[in-house]
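A short reminder: the numbers here are calculations on the coordinates, not readings from a lab. No experiment lies behind these values; they were computed from the predicted model shown. All Cβ positions, even for glycine, are placed from backbone atoms using ideal geometry, and neighbour counts span all protein chains on display.
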Amino acid sequence: MLSTLPRLIGHRGAKESAPENTLASIREAARQGARWVEVDVMLTRDQQPVLIHDDTLDRTTTGTGPVPLLDLAELQGLDAGRWFDAAFVGERVPTLEEAMALIQELGLGLNLEIKPYPGQEEITAEVTLDRLRPLWPSNLPLLLSSFEVPCLEVAQRLWPEIPRGYLLWEPPADWAAIADRIGATTLNVDHGRQTAESVAEYRATGRPVLAYTVNDAARARTLFGWGVSAVFTDAPGRMARELGAAL
Ligand code: G3P
Ligand code: MG
């Protein structure tokens, strides 16, 4: 499954060129040559999984306030492209189903980041996996990830055979024990906090290390040199060109 992990994973699609977490952004990542994309999933008030990063609608849509205060139908009335560029007016917040259909059509690998609204960790993971499971074909790579350990515990319980990425920002002192307990396959870490030593320490657990979010080719080269397996990037096409043979 992870044998197809590429060096570059399109972050929220291709966030540098298109409004993040929209169908346009996923299409753009594929157009730029990305083989995998990462997107974030959260629940609406009526418990529909949708692609959005922030807890609130304000930054990336024409709506305001917390995501879980709106039903899907209300959310679908919002524009999720206008904030980015007039060329993307009409983009919507995609449902998980819409995004999965497009990702399959494009033949992309997927890192689905479970991004619960605070307090909704378990239900977000449960509903997301229930929906995803019948939709996802076994021939396409899938990595589930989360910063929230309860989400990874749900994934371990409901769909153990799918690899799990443990996302770390400020790692807790017992991150290695947690990674063991939840059966983490990969460690997905903040690139800015890394040194040769920290990457070595993560790799010593036997897990591939993925680093977010890297938009500078020189930095990516350094991270790969330290043994990082893949980076999440907002600009998969530009980074591939700049890295050239290093990929
Ligand atoms: O999954 C990698 C990266 O997306 C984690 O951070 O805040 O961009 O979702 P964030
Ligand atoms: Mg993310």
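Please report the base-10 log of the normalised intensity I(q)/I(0) for the chain, using a Debye sum with one equal scatterer per alpha carbon and no solvent, at each q in 0.13, 0.16, 0.17 (1/Å).
-0.77, -1.18, -1.33
What ranking of Leu112, Leu43 emerges when the number of other C-beta atoms within 10 Å of each C-beta is taken as an exposure proxy, fewest first? Each step should come with its number before you reach the end.
Values: Leu112 28, Leu43 25.
Ranked by crowding around the Cβ, least crowded first: Leu43, Leu112.
Evaluate E = 1/(1 + (r/R0)^6) for Ile123 and Thr56, where r is the Cβ-Cβ distance and R0 equals 25 Å; express this FRET efficiency to the nearest 0.05.
Details: r = 19 Å, r/R0 = 0.75.
Plugging the Cβ-Cβ distance into 1/(1 + (r/R0)^6) gives 0.85.
Can you give the FRET efficiency for Ala204 and Glu97, using 1/(1 + (r/R0)^6), R0 = 45 Å, r = Cβ-Cβ distance, to the nearest 0.05? Present the calculation step by step, with values, prior to reporting the outcome.
On the way: r = 40 Å, r/R0 = 0.88.
Calculated value: 0.70.
If I build a Gaussian network model for the chain, linking alpha-carbon pairs within less than 10 angstrom, which residue out of Pro94, Pro19, Pro150 has the largest mean-square fluctuation?
Pro150
If you take the beta carbon distance between Asp216 and Glu170 as r and set R0 to 22 Å, what does 1/(1 + (r/R0)^6) give as a FRET efficiency, to the nearest 0.05? The partial results should precede the final answer.
On the way: r = 22 Å, r/R0 = 1.01.
The calculated FRET efficiency here is 0.50.
Anyone know which of Asp174, Asp79, Asp234 comes out most mobile in the 10 Å Cα GNM of the chain?
Among Asp174, Asp79, Asp234, the largest mean-square fluctuation in the Gaussian network model of the chain belongs to Asp174.
Tell me the chymotrypsin sites (Phe, Trp or Tyr not before Pro) within region 143-223 that lie in a loop according to DSSP and have at most 14 other beta-carbon atoms within 10 Å.
Filter output for region 143-223: Trp169.
May I ask which residue of Ala230, Thr60, Val93 lies farthest towards the positive end of the charge dipole of the chain, with charges of +1 (Lys, Arg) and -1 (Asp, Glu) on Cβ and the Cα centre as origin?
It is Ala230.
Full-extension gain between Trp83 and Glu161, please, as 0.36 nm times their residue separation minus the C-alpha to C-alpha distance.
Numbers: separation 78, 0.36 × 78 = 28.08 nm, distance 3.85 nm.
Separation in residues times 0.36 nm, less the Cα-Cα distance, equals 24.2 nm.
Taking only C-alpha pairs under 8 Å that are 6+ residues apart, what is the relative contact order of the chain in percent? Don't skip to the answer; put the middle values down first.
Values: 510 pairs, mean separation 49.2, N = 247.
With pairs under 8 Å counted, the relative contact order is 20 percent.
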